[in-house]
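The values are calculated or read from the model by the stated rules, or taken from the named source; none is laboratory data. What you see is a predicted model, and the numbers here were worked out from it, not measured in a lab. Counting neighbours? That spans all protein chains shown, and the Cβs are built from the backbone with ideal geometry, glycine included. Ligands, DNA and RNA are stripped out before the accessible areas are found, and what is left, the full protein with its side chains, is counted by its heavy atoms. Shrake-Rupley method; radii C 1.70, N 1.55, O 1.52, S 1.80 Å.
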Amino acid sequence: MKLPLRERIFNMVERGSGVAVWRQIGELLAEDIRKKLYAPGERLPTEPELAAKFSVNRHTIRRAMSELEQGGLVRIEQGRGTFVQEHAIDYAIGRRTRFSENLLNQGVLGHIEVIGCQSLRAADIARHLELARTAPLLRVQSLGKAENRCIDVSDHYIDENRFPDFADRLRTLRSISRAYAHYGVTDYTRKWSRITAILPSAEVARLLSQPKTRPILQVESLNVDSDGTPLQYSLTRFGGDSVQLVIANDTA
């Protein structure tokens, strides 16, 4: 009886062929993924399972998986396993950029998760917000989640005097728009955005579940309220394989 491809590939490694065994394993698994035998988001067999199937040691499997991760086909989550990388989400950058709304337009539920908050003084950031050099600022660190998948890591800087306890509001409401509404700000717009491709820090790479050697997209931005007063300066880092930034030509 003919075995399904998922079983047949384990018998296709050729030792002594001149091609490293780990590379052959990686190519076979990559072909399996491209043929949709593993669905986006599906967990691959564990290292011990693959090592037994291919009759190799776990180091060989780990090398193959690292290559697949570098190629953007899988993501490795510490303590959970290796998952097929989901399709990239189209994320619109325009005059009105809203995280949850961006995702909901694609049938994905999203929310903001606060992971830290600090009071600080930073003259360069205060300048963006048109505040005095020594004005107290809040730095709110957050994760943008699409379902349970982290697609961005952000630092938001705001006027602490104008928005006291903003982090607590965001932590409870899980939406920046709803958090601002608590303070009477019912609308805001994006004044400018600057997009660059950079390598992530070790911490950002860990939070995005990607290697440090894979570039990310960083969006530096400034939001203003309906009067044009600076509201929020942000640095948002998106996983390069999980998000496609779309520049929206909206004028409303």
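If R0 is taken as 41 Å, the Cβ-Cβ distance between Arg194 and Gln78 corresponds to a FRET efficiency of 0.80.
Once the chain from Asn148 to Arg63 is taken as fully extended at 0.36 nm per residue, the excess over their C-alpha distance is 27.9 nm.
In this structure, Asp155 and Arg43 have a Cβ-Cβ separation that, at R0 = 41 Å, corresponds to a calculated FRET efficiency of about 0.85. By the equivalent-ellipsoid construction on the alpha carbon gyration tensor, the stretch 125-252 comes out with semi-axes of 25, 16, 16 Å, ordered largest to smallest. Convex hull volume of the Cα atoms of the stretch 83-148, normalised per residue: 127 Å³. A simple spin-label model places the labels of Gln70 and Thr229 5.2 nm from each other, with each point 7 Å out along Cα-to-Cβ.
The GluC sites (Glu not before Pro) of the stretch 118-222 that meet both conditions, a loop assignment by DSSP and at most 16 other Cβ atoms within 10 Å of the site Cβ, are Glu130, Glu147.
Only helical runs count toward this figure. For the chain, summing -39,500 (n - 2.57) over DSSP H runs of n ≥ 4 and dividing by all residues gives -7500 deg cm²/dmol at 222 nm.
For the chain, modelled as a GNM whose springs connect Cα atoms under 10 angstrom apart, the maximal fluctuation among Gly71, Gly18, Gly144 occurs at Gly18. Kindly state, to the nearest 0.05, the FRET efficiency for Asp187 paired with Gln118, given R0 = 30 Å and r defined as their beta-carbon distance. It comes out at approximately 0.60. Label separation (Arg15 vs Arg96): 6.4 nm, computed from points 7 Å beyond Cα along the C-beta direction. Rolling a 1.4 Å probe over the protein heavy atoms leaves Thr97 with an accessible area of roughly 10 Å².
In whole percent, how big is the carbon plus sulfur part of the accessible area of the stretch 115-252, probe 1.4 Å, protein atoms only? Summing carbon and sulfur atoms, their accessible area is 47 percent of the total for the stretch 115-252. Taking trypsin sites (Lys or Arg not before Pro) across the stretch 133-220, the ones in a DSSP loop with at most 16 further Cβ atoms lying within 10 angstrom of their Cβ are Arg133, Arg162, Lys212. With the simple model of a label 7 Å out from the Cα in the direction of the Cβ, His87 to Arg133 spans 5.2 nm.
Accessible surface calculations at 1.4 Å, restricted to protein heavy atoms, place the chain at 53 Å² per residue.
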